[in-house]
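Everything on this sheet refers to the single structure shown next.
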Amino acid sequence: MQGQLDTDLSELGRVQAKSAARALADREPVALISSDLRRALDTATALGEHTGLTVARDERLRETHLGQWQGLTHTQVDERDPGARAAWRADARWAPPGGESRIDVARRSTPVVAELVAAREQWGEDPIVLVAHGGLIAALTAALLDLPVERWPVLGGLGNTSWVQLSGHGEPDAVNWRLDVWNASATVAGDVL
């Protein structure tokens, strides 16, 4: 469980990042913002190489801080805190010891989207790509869709280098978000949790 530990992509991760970059470059994004953690930043850099976009970094897009669980395997967490991972997955308000809940993660990341929308006088269908982490993406998506917190767990895990697509409708100060795509991948992902 990596959380905010700053780890490198594996060889498979680099291959997946290049594959996703080719697929996403075809959508002609106009901006590219990434978590500052290396595994996301390297993925964003692969997309930047295909699009010519400079990668902006934003630490608010970091993965969920898993507190005392960071660096442990699922088995180690289950031995240490029986039933806790299940509680964490089922309740967006629940946080690992010393870590963040999904509510905390959404609170930290939604301003990134609000700032991007506010910075564009005319916004429409030109895609902006945020490169982040599965836990953050699920929390941010649930918050933008204004799902009741009790329903946040319906957004399950994401495969590595899979993506979510949201489209905004309405005025910049009153955006209604629609989920267009969940857990899409350039290749079939076998690593969904």
Exercise. Answer yes if at least one residue in the stretch 149-167 is among the hydroxyl-bearing types (Ser, Thr, Tyr) and closer than 19 Å to Leu61 by Cβ, and no otherwise.
Key: yes
Quiz item: For the stretch 103-120, does any single residue satisfy the condition of being exposed (fewer than 15 other Cβ atoms within 10 Å of the Cβ), of a type in the set (Gly, Ala, Ser) and assigned to a helix (DSSP H, G or I)?
Solution: yes
Practice problem: State the number of residues belonging to the stretch 143-191 that are at pLDDT 85 or above, over 16 Å from the mean Cα position of the chain (by Cα) and on the phi > 0 side of the Ramachandran plot. | Solution: 1
Exercise. Those residues that are surrounded by 14 or more Cβ atoms within 10 Å (Cβ to Cβ) and without any contact (Cβ under 8 Å) to a residue 40 or more places away in the chain, I need them from the stretch 79-93; list them, please.
Key: Asp81, Ala84, Arg85, Trp88
Quiz item: Among (1) open to solvent by 40 Å² or more (accessible area, probe 1.4 Å); (2) at pLDDT below 95; (3) assigned to a helix (DSSP H, G or I), where does Asp126 come up short?
Solution: (3)
Quiz item: Could you say whether any residue in the stretch 131-143 is open to solvent by 50 Å² or more (accessible area, probe 1.4 Å) and touching a helix residue (DSSP H, G or I) at 6+ places or on another chain (Cβ under 7 Å)?
Solution: no
Self-check item: Hits in the stretch 13-53 - residues which are in contact with a strand residue (DSSP E or B) (Cβ under 7 Å, 6 or more places away or on another chain), outside any helix (DSSP H, G or I) and farther than 25 Å from Met1 by Cβ
Solution: Pro29, Val30, Ala31, Leu32, Leu53
Exercise. Take the stretch 171-191 and flag every residue that is open to solvent by less than 50 Å² (accessible area, probe 1.4 Å), in contact with a strand residue (DSSP E or B) (Cβ under 7 Å, 6 or more places away or on another chain) and over 20 Å from Glu63 (Cβ atoms).
Key: Val175, Val181
Self-check item: the stretch 54-78, residues that are open to solvent by less than 50 Å² (accessible area, probe 1.4 Å) and either assigned to a helix (DSSP H, G or I) or more than 16 Å from Ala31 (Cβ to Cβ) (or both)
Solution: Leu61, Glu63, Thr64, Leu66, Gly67, Trp69, Gln70, Leu72, Val77
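The values are calculated or read from the model by the stated rules, or taken from the named source; none is laboratory data. Keep in mind that this is a model prediction, so the values were computed, not measured. With ideal geometry, Cβ positions are generated from the backbone for all residues, glycine too; neighbour counts draw on all protein chains shown. Ligands, DNA and RNA are stripped out before the accessible areas are found, and what is left, the full protein with its side chains, is counted by its heavy atoms. Shrake-Rupley method; radii C 1.70, N 1.55, O 1.52, S 1.80 Å.
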